[in-house]
Amino acid sequence: MFSERIDFSHEPNLTIDELVRRVLASNPEGDAELLKKCYEFAELKHIKQKRSSGEAYIIHPLNVAATLVKLKMDLDSIMAGLLHDTVEDCDVSPEDIEKEFGKSVAQIVVGCTKISKIKFKSKEESQAENFRKMVVAMAQDLRVIIVKLSDRMHNMRTLQYVSKEKQMAKAQETLDIYVPLASRLGINSVKGELEDLCLRYLHPDTYYRLAEKISMKRTERDGYIRDTIDTVQEKLMEYSVQAEVTGRPKHFYSIYKKMSQRGVDFDQIQDLLAFRILTNNITECYKVLGVIHSAFTPVPGRFKDYIAIPKVNNYQSLHTTVIGPGAERIEIQIRTFEMHEVAERGVAAHWKYKERDKTAPVNKLKWVEELMEFNQNVTSSSEFMDVVKNDLDVGGIFIFTPAGDVKELRYGATALDFAYSVHTQVGNQCVGAKVNGKMVPLKYRLKSGDTVEVLTSKTQVPSKDWLKICKTSRAITKIKQYLQKVERDKHHEDGEQMLDQALKRYGTTAKNIEKQGGFHNVYDSFHIKTLEELQVNIGSRMHNLRDILPKVMGIDYVEVPQEEVVKESYADQIVKNARRSLGRDNAVIVDGLDDVQVRMGRCCNPIPGDPIIGFITRGRGITVHAVGCHRAHEVENSRRIDVQWNKGYAFAHPVNIRVMTHDKPGILSKISKTITNGGINIRAAMARSLPDQKGSFVFEIEVKNYSELLKTISAIEQMEEVITVSRA
Ligand code: MN
């Protein structure tokens, strides 16, 4: 028995009668008349159109519908498959379809049309925007995406008729968008087929070489598969296990992926064959595994139990690789018939069960809902794209809780991600974790099989840095929500204070004015609903008091200089406090510390504009280093302190620059002039002659900030004799 794969080949001679026959074969209660009516409707609408192949257009929707039958989708989906291009191409309105074929069919067709209109562009940003829309379309009814996948399947199957550019573009888009979707929905039959088609158009050399190599050994291979199946069957019979055994060469794309991952050539790839053993129940799966492992030597590290711990897309199976007959490495998958149904058809398999069990609707999936939630919380499209791509990646890790529960997280997830997967509150208060009994920091990357216990503290709160630590969309969403709330609260508090301070001048308070409805005009003109919202907007500087006050009823507005009204910004306050306490200007401001001695690290000598970090030194106050300085990395974390440049500081900083030149007479004075012409003071200069008629100079100059340094360097660089200029 070979290849049990669903055959998605283009069927050029398919008719509606044949389609109806297939529908009735799997569902005797299917409505033949309705299907035919649907077909006639579509055929009439597409009558003037042709496919790129020259065929009548209707062959396309007919094949799409046939794919949906193969995936065992419900009648609504099959009808939508027949009609999927009518709204887009034939001026049919969604209302027409709803009137003729019902609301559900119309909705699926409308969803497909929406996705078709998405113009996938090469620019990441716009592609992300489109992907976002696609997720939205999918969230309403998952059948939309299954019809769309069937549509794409047929288009990929008939891609040889379009131009080369179009082939490449379609194949890339399929690989980027549709393959991950099929994978995430667990429709592995569609995923495998699409991947192979993409390989054929994106890397034709590899594809045809693989095809040739595999077919060269075809007779030999078929013989080997047959012999192996017989051997396995015999072994199973010995233990009186009943199972169905099949064998096939692996998908090209999975071979290609292995080749490029391991950086090896085709000849070095050993396991090209995959066998599948289907049983009636789970107990027999493990029994089969026992038989296989005692009959053949298992390859260490290749056994995976996706029955005990299913993949996020609900895939269940046992995987093992063994040394088969003739010392060939073969991969064996063992699962029940039911699991196989889910493995091939994924989420589509549920519609079949749905007819029996109406209580289990799966129109929506949890991860789609989570994506939707995330969608509302991100500001940049490319960020959204990253998250979607990550979430579609089914390669997960399995983590155990101390109680023995299993959670699946995506690959690369950290201890903090795990904390958020337990509960938002646990995440927000997470201070660390114990992995397999050992203390680890928040950013610790978890491995499959780790047992993780989260450590929390009531005083802990999320910070911006956490966004860099987390890899799961759930954690990122929750942290952002928290940070937004904190920011909003701060703006609210600021705004409240600013507004009341301004109103004090008129002898009233915001509360009083609100009671008398005096903000009515303000709300109307700024589209605001509550006093709190107004205060937040004032606090965030979105609205200016000078624009608001004239509109407040019950006060007699007088124009005042802005400084009197606007509260000092937080940063300004710090600057002032620092100056006051130190009694003089200081180049660096240290958060939260008033009276402290600050010195610049001699190793890196940072100047304003450089990213900096401070370290508390025993007895000597604080030393400031450039963030990239090697000394900065050697200091333990607990001694770090946030520092920032004082924008009001105007003294000059010494900095050394090294200049390499061709050795020409008078060059030193020429460079010096260039520097001083820019208004820069030179404190010292050192010159040295190098071999090959070259000279090396080090100048100690005084600059106010980073941009002044850059200006000086670029002025020197522009001199004809100069080879290089760098900071020393
Ligand atoms: Mn189509």
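General remarks:
- Prolate/oblate/rounded call for region 24-95, Cα gyration tensor, a/c under 1.5 rounded: prolate
- Region 433-544, accessible surface, carbon-and-sulfur percent (1.4 angstrom probe): 50
- Cut-off 14 Å between beta-carbons: net charge of the residues surrounding residue 696, Lys and Arg +1, Asp and Glu -1: +1
- Too-long pairs where the Cα-Cα distance tops 22 Å, listed order kept, from 72/257; 464/704; 485/529; 48/170; 45/166: 72/257; 464/704; 48/170; 45/166
- Per-residue extension of 0.36 nm, minus the Cα-Cα distance of residue 501 and residue 329, leaves a gain of 54.0 nm for this segment.
- For region 142-270: rounded, prolate or oblate by the Cα gyration tensor [a/c cutoff 1.5]: oblate
- Residue-count net charge about residue 728 - beta-carbon cut-off 11 Å; Lys, Arg +1, Asp, Glu -1: +1
- Heavy-atom accessible area order for 450, 222, 642, largest first, 1.4 Å probe: 642, 222, 450
- Charge sum, other residues only, whose C-beta stays under 14 Å from residue 435's C-beta, Lys/Arg counted +1 and Asp/Glu -1: +3
- Dividing the convex hull volume of the alpha-carbon atoms in region 653-727 by its residue count gives 73 Å³ per residue.
- Range of Cα positions in region 137-213 per principal axis (Å), largest first: 42, 26, 17
- Protein heavy-atom accessible surface, 1.4 Å probe, per residue over region 653-727: 59 Å².
The values are calculated or read from the model by the stated rules, or taken from the named source; none is laboratory data. Here the structure is a predicted model, which is why all the values come from computation and not from measurement. Cβ: placed from backbone, ideal geometry, glycine included. Neighbour counts: every protein chain shown. Please note that ligands, DNA and RNA were not included when accessible areas were found on the heavy atoms of the full protein model with its side chains. Shrake-Rupley method; radii C 1.70, N 1.55, O 1.52, S 1.80 Å.
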